[in-house]
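First the structure, in the form of structure tokens, and then the observations on it.
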Amino acid sequence: MTLVKRCLAEFLGTFWLVFGGCGSAVLAAAYTTNSASIGENTAFPLGIGLVGVSLAFGLTVVTMAYAVGHISGGHFNPAVSFGLWAAKRFPAGDLLPYIIAQVLGAILAAGFIYLIATGDADFQLAGSNPLATNGFGAHSPGGYTIAAAFIAELVLTFFFLLVILGVTDRRAPKGFAPLAIGLCLTLIHLISIPITNTSVNPARSTGPALFVGPELFGQLWLFWFAPILGALLAGWLYSNFFAETLEEARAFNDREVESVH
């Protein structure tokens, strides 16, 4: 598969992740409606809440991993690309094109979310996390410090990459990798939405931040540095301690030959 086709798959996959995940947070997390037939100003909470948003992020990864994962590898995240490179599963020469495609997909998705959200006359780019942006301190949903945000993003991305590397290892059961990765991302959001609004993905953080002004954009560095560092550590660990040995590879190949005959 050509690099252009793989980058297009990464662009679409990251677009879907941001549009589905951040879109659910902006448009559906706390949705209410007024019923004039029952009484003026009667509100019915219909929002999907924290659990719903967590599931939305996981579902975007599951669906696009099955749809285009066989084309590009289904990274949809610069940290994942760096982690796979550190694990010696991804060429360094493809890092920059992949990351550019991922960031552009995230920016376009955030732009569409913004255009849809402004269709509501009450919408405004105000509050601590407009457009589902990531932040710490005053921009953390729970008011968590920069240190807490850094630790959460680093640790959660580290384990996200361990899961990705483990379930995509050829020794792992076949066909279940997208489900495991999507469920892992759901769990990560259930843990960390109150801390940082959950990034573990620099592209996902960049797209919304571009639309909300310099204050939140000024915190974006943490959501590049911590996830990429966590991913690099996981890639190094897996490559040096859990990667398939030469003996295991030979045994695997012998079993494959035996199964053919």
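No value in this document is a laboratory result; all are computed from the given coordinates. Everything numeric in this text was worked out from a predicted model, so none of it was measured. Positions of Cβ are generated from backbone atoms using ideal geometry, with glycine treated the same way; all protein chains shown enter the neighbour counts.
Rounded to two decimals, the Cα-based Rg/Rh of the stretch 136-234, with Kirkwood Rh, is 1.02. Against the main long axis of the alpha-carbon atoms of the chain, helix 3-27 sits at an angle near 40°. Dividing the helix sum by the residues of the chain, where each DSSP H run of 4 or more adds -39500 (n - 2.57), gives a mean residue ellipticity at 222 nm of -21000 deg cm²/dmol.
Computed over the chain with a Gaussian network model linking Cα atoms closer than 10 Å, the most mobile of 175, 111, 230 is 175.
Summing Cβ point charges (Lys, Arg +1; Asp, Glu -1) relative to the Cα centre of the chain gives a dipole of roughly 340 debye.
With a Förster radius of 22 Å applied to the C-beta separation of residue 147 and residue 215, the computed FRET efficiency comes to 0.70.
Length available on full extension from residue 244 to residue 128: 0.36 nm per residue minus the Cα-Cα distance, which gives 37.2 nm.
For a test of the definition: using alpha carbon positions, the gyration tensor, and the 1.5 limit on a/c, classify the stretch 102-187 as rounded, prolate or oblate. It is oblate, given that a/c is not under 1.5 and a/b is not larger than b/c. Restricting the chymotrypsin sites (Phe, Trp or Tyr not before Pro) of the stretch 134-226 to loop positions (DSSP other than H, G, I, E, B) with no more than 11 neighbouring Cβ atoms within 10 Å leaves 176, 221.
Were the residues from residue 116 through residue 8 laid out at 0.36 nm apart, the gain over their Cα-Cα distance would be 36.5 nm. Computed log10 I(q)/I(0) for the chain at 0.07, 0.10, 0.12 Å⁻¹: -0.26, -0.51, -0.70, from the Debye equation with unit scatterers placed on every C-alpha and solvent omitted. Ranking 63, 108, 95 by Cα position along the charge dipole of the chain, where only Lys, Arg, Asp and Glu carry charges on their C-beta atoms, puts 95 farthest toward the positive end.
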